[in-house]
Every structure is written in structure tokens, then in C-alpha cells.
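Below is one structure, written out as C-alpha cells, with a few remarks after it.
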């Protein structure tokens, strides 16, 4: 167990909006941050005093970075595991390389979850179109083909409704590491942000209900509109996952919720702060970002209770141009990520509304 | 009127905790910040991407800075007016040089306030010990000698209880620009943070009750424990001040509150965000820092209503070592300013507690 006090330097791999919000939470607690990110003009570098602009595979640069920081974390899970293996020879890295390996690979992820008795969609790993065809005969239609690695926001996925659609879908993925997942009918998607400290303490945020548009998160609502007993079950599953992984930091668990058993299936886990938890900045005493910093620095975890109902809306692409509407809305907390080009599909900011009362169930 | 959108660069004179919190508020709205500060290792440089480390009187550096930013503001009022005069030839500066001039000089400040019918302590400007002696005969004892300029946190002040104490007090101030103020018995100190936009819109935060220890703010409590009608009166006075000054940004007005008339006397005004408004980060939809950024960038002002009762405690010097106690307190929001040396009297951080209900009057 390491305990780092204010003045210590937190290294963050990745310079996107999650790195940016982590850096700001770290600053509030008195830490310095050092962003490691290959991208020019990344959002996080605007709020940090130290920056390394190098490739994630540049071993010399990684070692250099490791020697300048007291702990390393990351804002996205597509960091090469090999990079984390290099870093951890010099400095503690949270979450661990083992966790990263599991969560980078949809096959390992599902095997891990099923192995500890947590339901997922039925799946099968395949390497060729022929194997895929055979697997579809077992899993049935519709099904979803997903590359095992490096997918996000619907990228690296293709739905197959009929056998005839397989060749196109297969060609589109351009991969020989694919899993085929059964298509699960569900009533709701929710996520639980779970934090685990170095001492094993676990604290979860209230489950959020997530609504997607074009495969990108559009809206998160807390608390999720499910019965309190179900909320507890979802939180318990998230707790088991972080405990089993010996996890340190914030982990996001995405669930499909059905009215018939199994009520909860885990869609995926993300070893990082998560878009569906941004409401915690205003709606809780401790935000997901502060909680992550507390966990990796060995500080006590903070209170995660909800002040009230809240709603977080992503501002995608040109949505950001409605800024003035949100600034005039007394219930809206507006966040701009400092990205200049409002490209379609790009996460430009978000707005959190604190809503005064909890709706009756 | 200028309107700056995200991506614009806000220049901030001063790199202390106020500059730091301004920079973080600016970042949330998508602005870049450029800190201008002569000090090595200043708190604000940790959360900004651009920094000029030069003297406030370095004309070349000031012009250079002005050309790199879209608007300039400042985090403390002891910036030379001449520096602002140089800057404003190249870039808008808010608050204005005129406002800065008034608020830097206790004499001009009191003349301005009395001139618009707002009460202050009785006072007299003096240049010599002989003049001071004569003034004390009129004002009476006890009285406070204050240098006209560059005082803060009780510095540049001396209390004179008896005529015999004058020589020592006078020698201590080392100034020939002094005002003598009558000592006002008061029940409470409060402050009102008023914001005025470039379009003349004015919004005030709830009056805060301020409790000092060793001449340094110790505790701010909102709402101040005074009758609602009195709260309105204090807010109205603050509104008149910012309107009369044609002010842009946040201005802090400190009042002495007495049970006998005049109930309110203005102690001083500060043309900047203020220590007694830090609770607004968590207790209001818009913080004083965000409000200041909105005003100087020509954005609509934000909502300043209180979510509930709140209390802000300054962490001075070694108080900061109690960090873990505050981190474990579910009601406490802990802020560390990133200063390494916990010198006595130094503001190291603060803690805001949101308290659930408003106490009955």
C-alpha cells in the first residue's frame, strides 16, 4: 500500500476529457498531474503543469515518465498492456496490468465474469468466417459480431440478423479475433461505478440509467428507475467484480436489465472513470474523479451518496453550440472539454441537471 | 461588449489560490488560461497551460502577455494600476483600471462609498504623526491606523487605544499615506459577492457571515444569520456599488453589521473573487469563480441561489495536516491549494460543508 500526500505527482496516460477531469480532481486535492499523451492539443494538457507527448509504445519515453511521477493511472483501456508492464517496473500503476488485460479483451472479460458466476450475453469466440457461421447456428439470430479488442462507442461491432448478412459483417470487422454475442432483449441499460481502495474498502455510486443514441451515450439518469432491491443487486455484483479483480480505482460496470431472469447481465466493464458517472461531480459529495484519485493515492474513499435526482446529457458534435441555452438554465451545470473542432460523434461536453426530488417508484 | 467563446484565452494576473480556482472554472467552460505571475511554483500554474513568469512592472512582458490573450482579469487588487493601463491598450481588462484605483486606496474607496450615500466607519486621511494626533482628537479612541494601500489580512494596520500608543503605531506603519478610522462596535461581519455582466445584469450571492481569527478569515457561514429583510438591504447596497462602478466581474463587499443605525457600514470592497465566497463552489449552481469568468467573457450570468446552508472553513498553516479527518467527513468538500510549505498564517486550503437544512431564524 502506498500513500501519497498533496504535492505528489500523478501520471495519467491519455489526454482526453476523462484525463482532464481527473487532473482537475487531483488538483483540488493538492496533487500535481503529468499527462502522457501522443496527441497534439489534447484536452487534458490545458489543466496540467506537466506533459509528455510521446507514443504509448515509446519505451524510453515511458521510463522517463515513470521516473518523474509517483503513481500512474490511465483514462482509457486501450493502452497497450506492454506499456503498463514497462511502467510498473518503476512506479505503482493502478488499475493493474492484469485488470487491463482482462478488460481489453471481450473474451477474457466474459470468461472472468462467467467464472465468478456473473451472467453475460451468451458468446463464442471465433477466428474465421466458417467458425462464425457455425457459432451463429448455436447462438441464433440476431447476433452481434464484436472484435475482441479496441472497440468503443459501437465501433468494431456489426449486427447480423440473417445468415446472409454474415459475409459483409465479417469483412467489415477486419479481424480474426472476434466474438459472437447473442442479442439480449433488455428493458434498460444501467451502470454502476465502483471504487475500491488499496486497503480493500469498496464504495459504489448509485446505479445510473443510460440511454444511447447512435451507439453513443446520450443521457444518464440517477438514480436508475428500477426498484430499490434491484439497485442493491446491481451494486452487489459490481462490488464482487472489484473485489475479485483486487481492483484499485474506479471501475464501471455496464448492465443490461431484463424483466425475466437473469435480470442482470454484464455488458462490459471499463477499468476507469466513465462517461455515465459525470453527474457525480455535482450530485455527490465525492465525484467519480476525486474517488479515483483518492483510491490510487491511498486516501480514504469519499462519500458517494446522492444529494438528489440528477441527469447528465452528453453534448455530441454540434450540440455544443447550444451552450448559451445551458448557461441560462438555472439547473444546468455546463462542462466544455476544450476541444475546438465539433466533429460529428465527438464528445464535446456535457450538462448535469440536479433535479430537486426523487420520483416515486 | 466583447463575447468570448470556448477556446479563447483568459489572462489572469496573479498565481495564488484565487487564480488557481479561476483557472479551473475557466477550464470547465472550455477556456484556456494564461497565468501571469512573478512567483516561482505558484498554485495557479499547476492547472493552466500557459504561464508568464515576470514582474508586474515589466512593460515588455506585459505587452507580450496582452498580445497572447483575449481578455485579462486579476486575482488580487495589489496589481499596479500602471500595469493595467499598459495592458488595456492591447486587450480588454476587467475589472477596469478605474475600479482598481478606487479599491486600492482606502481613502478613495471611502470617498466613493460615502459619495453614493453608503456608510463607512468615520475616517480621516493623514500624512504625519502630528496630523494623526489631531485626527484622533476628532475621531476618538480606540481608532485604527491603516496604510491607504497594500494592506490585507490585518497587515498595514495598528490599533490605537490611548494617545500614548500613537508614536509606536505610527512608526510601525512606515507610511505617510495613512487613514485613521473610528473603531466601530459591530455584532457581525458579513460579505456580499456581487457579479455584474458587461450588459449591466447584476446577480448577487447570499450574504455570508464571516468569523475571523488573528485578522484572517476563519469561517464563512451562509446564509448569514441575520433577518431576511436585512439580507436584502445588504444585497441592495452591493448592487448599487457594482452599478455605480460600471463594474464587470465579481466584487466582494465586506460589511460591519450593528444592531443600532447605521446597521450596515461597508468595511471594504475587493475587486475580485473572495475568500468568503468559496462555499459557492459546492453550495450554488454557479460558483463565484464561474460567475466571474462568465462576466468577463460576456456570457450570461449564472444562477446564484443556495442549495442549502453551508459553511466554509479556511485551513491555515498546519491546519492542512488534518486533511484525512476532512476526507473522512461525508459532508466535507476538501480543497488543497497545492502549496508545499505550511507556513503559519498561510492559506493552505479550505473545507466546505453542505448542511442539510436552513436553521430557523
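None of the figures in this text is laboratory data; all of them are computed from the coordinates on show. The shown structure was predicted, so the numbers you read here are calculated from the model rather than taken from an experiment. We place every Cβ from the backbone using ideal geometry, glycine too, and count neighbours over all the protein chains shown.
General remarks:
- For the stretch A:45-69 and the stretch B:1-49, distance of Cα centres in Å: 23
- For residue B:244, inter-copy separations between label points set 7 Å beyond Cα along the Cβ vector come to 7.0 nm, shortest first.
- Put simply, the C-alpha atoms of the stretch B:92-146 give a gyration tensor, and the ellipsoid matching it has half-axes of 27, 13, 8 Å, longest first.
- Packing-based order for A:89-95, B:137-143, using average beta carbon neighbours within 10 Å, highest first: A:89-95, B:137-143
- Summed over qualifying helices (DSSP H, 4 residues or more, each -39500 (n - 2.57)) and divided by its residue number, chain B shows a 222 nm mean residue ellipticity of -8000 deg cm²/dmol.
- Translational diffusion coefficient (Stokes-Einstein; Kirkwood radius from C-alpha pairs) of the stretch B:3-159 at 10 °C, 1.306 mPa s, in µm²/s: 91
- As a ratio to 2.2 N^0.38 Å, the alpha-carbon radius of gyration computed for the stretch B:1-57 takes the value 1.08.
- Over the stretch B:122-182: Kirkwood hydrodynamic radius from C-alpha pairwise inverse distances, Å: 11.0
- Most simply put, chain A has about 80% antiparallel DSSP beta bridges, counting only bridges with both residues inside it.
- Highest average packing first - B:207-220, B:7-20, B:239-252, A:53-66, Cβ atoms within 10 Å: B:7-20, B:239-252, B:207-220, A:53-66
- Take each residue of peptide B:295-305, count the partner chain Cβ atoms within 10 Å of its Cβ, and average: the result is 3.
- Structural size metrics of the stretch B:193-244, computed from C-alpha coordinates, are Rg and Dmax of 12.8, 40 Å.
- Using the alpha carbons alone, the radius of gyration of the stretch B:208-343 stands to its Kirkwood radius in an Rg to Rh ratio of 0.98.
- Reduced Cα scattering model of the stretch B:164-235, Debye log10 I(q)/I(0), q = 0.24 Å⁻¹: -1.07
- Overall, the ratio between the Cα radius of gyration of the stretch A:250-321 and 2.2 N^0.38 Å, rounded to two decimals, is 1.33.
- Inter-chain Cβ neighbour average for residues B:29-38, partner chain, 10 Å: 3
- Shape category assigned to the stretch A:307-361 from the gyration tensor of Cα positions, a/c cut at 1.5: prolate
- Percent of alpha-carbon pairs separated by more than 35 Å within chain A: 23
- Where both bridge residues fall in the protein assembly as shown, DSSP classifies roughly 80% of the beta bridges as antiparallel.
- One quarter of the surface of the convex hull around the alpha-carbon atoms of the stretch A:92-245 equals 10.2 nm², the direction-averaged projected area.
- Rounded if a/c under 1.5, otherwise prolate or oblate - the protein assembly as shown, Cα gyration tensor axes: prolate
- For the peptide B:21-28, the mean number of other protein chain Cβ atoms found within 10 angstrom of a residue's Cβ is 5.
- Stokes-Einstein diffusion coefficient of the stretch A:9-93, Kirkwood radius over Cα pairs, 10 °C, 1.306 mPa s, in µm²/s: 129
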